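J.: Input: one structure, supplied below.
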Amino acid sequence: MPICFGKKQEERGEAHLKNSSTDTTTTTYRVFTMSFAPRTSSLQTYHMLLYRNGVHPEFFDIENRRRIEHCGYEFEAWQFNGGHVCLFEHEGICLVEVVTPSLTGLPERGLVTTMPCAGEKDHEATFGDRITFMTSIQTETLSDHLYLGTYNEMLKHGEESDCLLGLWKDETAQPNLSLVEMQRYTDEVHVQGYHLRSDCGLVLRTQSIFQAGVDEDSASSED
């Protein structure tokens, strides 16, 4: 499900505030507190990691999981509060994607790539001649008002779709959300991850493709 980032969503939020009958002092206070120094806390800690072997589930407090076996490949997704894990195995090669707000305690064995999630970035790699992996990462920090609007949109989508959905509140009782959605195809799996963190109004979106086999024009190899 697409999220409306950037200028259009800000304009929508400004128009709503102009027409709103809510107390302007309260609204200004909430935006100010969300804009203060803590806004970058979660944004700075998020990373995506790629492993070339399996990762044990004991490293994560898994809330939901989904498994797929299809046309010679196996795929499994784990959702935990604030992050997710995707495992893709084909012809003896296992690739694991981890998106997490904390690197503490994670294994180093089999780790091939660690990428900060802040900003916008793309990554593509092949693993032997067995697996092609592509991912796109996008982050944005929103005002309190726009964050809650995005949260409600993603909550509705998660409840109406066949995906992994986790909800929790932080120490200030503000809502947070993690959602993992996947589509199965003949030789590949597409995965969308959304992680919304109220401490800094963070919206983190990842879009990844795990493909069984390697196209002839695939460029980057991570053997």
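J.: Of the residues Asp170, Asp122, Asp162, only one is of a type outside the set (Gly, Ala, Ser), modelled with pLDDT under 95 and touching a Ser or Thr at 6+ places or on another chain (Cβ under 9 Å); which?
T.: Asp170
J.: For the range 77-92, which residues satisfy the criterion of being part of a loop (DSSP other than H, G, I, E, B), of a type in the set (Gly, Ala, Ser) and closer than 17 Å to Leu167 by Cα?
T.: Gly82
J.: Next question, about the same structure. Based on what the data block shows, is Thr132 of a type in the set (Ser, Thr, Tyr) and surrounded by fewer than 18 Cβ atoms within 10 Å (Cβ to Cβ)?
T.: It is false that Thr132 is of a type in the set (Ser, Thr, Tyr) and surrounded by fewer than 18 Cβ atoms within 10 Å (Cβ to Cβ).
J.: Give Tyr194, Tyr185 a once-over and let me know the one that is in contact with a helix residue (DSSP H, G or I) (Cβ under 8 Å, 6 or more places away or on another chain), at pLDDT 95 or above and closer than 20 Å to Phe88 by Cβ.
T.: Going through Tyr194, Tyr185 in turn, the sole match is Tyr194.
J.: Same structure, new question: Name the pairs: first residue in the range 105-129 and more than 24 Å from Gly213 (Cβ to Cβ), second residue among the β-branched types (Val, Ile, Thr) and outside any strand (DSSP E or B), Cβ to Cβ under 7 Å, at least 6 apart or on different chains?
T.: Pro107/Val55
J.: Pick from Leu103, Leu111: which is closer than 21 Å to Cys200 by Cα and among the aliphatic types (A, V, I, L, M)?
T.: Leu103
Matching residues to (1) more than 15 Å from His195 (Cβ to Cβ); (2) in contact with a strand residue (DSSP E or B) (Cβ under 7 Å, 6 or more places away or on another chain); (3) at pLDDT 95 or above:
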{"site": "Gly54", "(1), (2), (3)": "yes, yes, no"}
{"site": "Glu74", "(1), (2), (3)": "yes, yes, yes"}
{"site": "Leu95", "(1), (2), (3)": "yes, yes, yes"}
{"site": "Val98", "(1), (2), (3)": "no, yes, yes"}
{"site": "Gly128", "(1), (2), (3)": "yes, yes, no"}
{"site": "Leu148", "(1), (2), (3)": "yes, no, yes"}
{"site": "Leu155", "(1), (2), (3)": "no, yes, yes"}
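The values are calculated or read from the model by the stated rules, or taken from the named source; none is laboratory data. The model shown is predicted, which means the values in this text are computed figures rather than measured ones. As a convention, Cβ positions derive from the backbone with ideal geometry for all residues, glycine included, and neighbour counts pool all protein chains shown.
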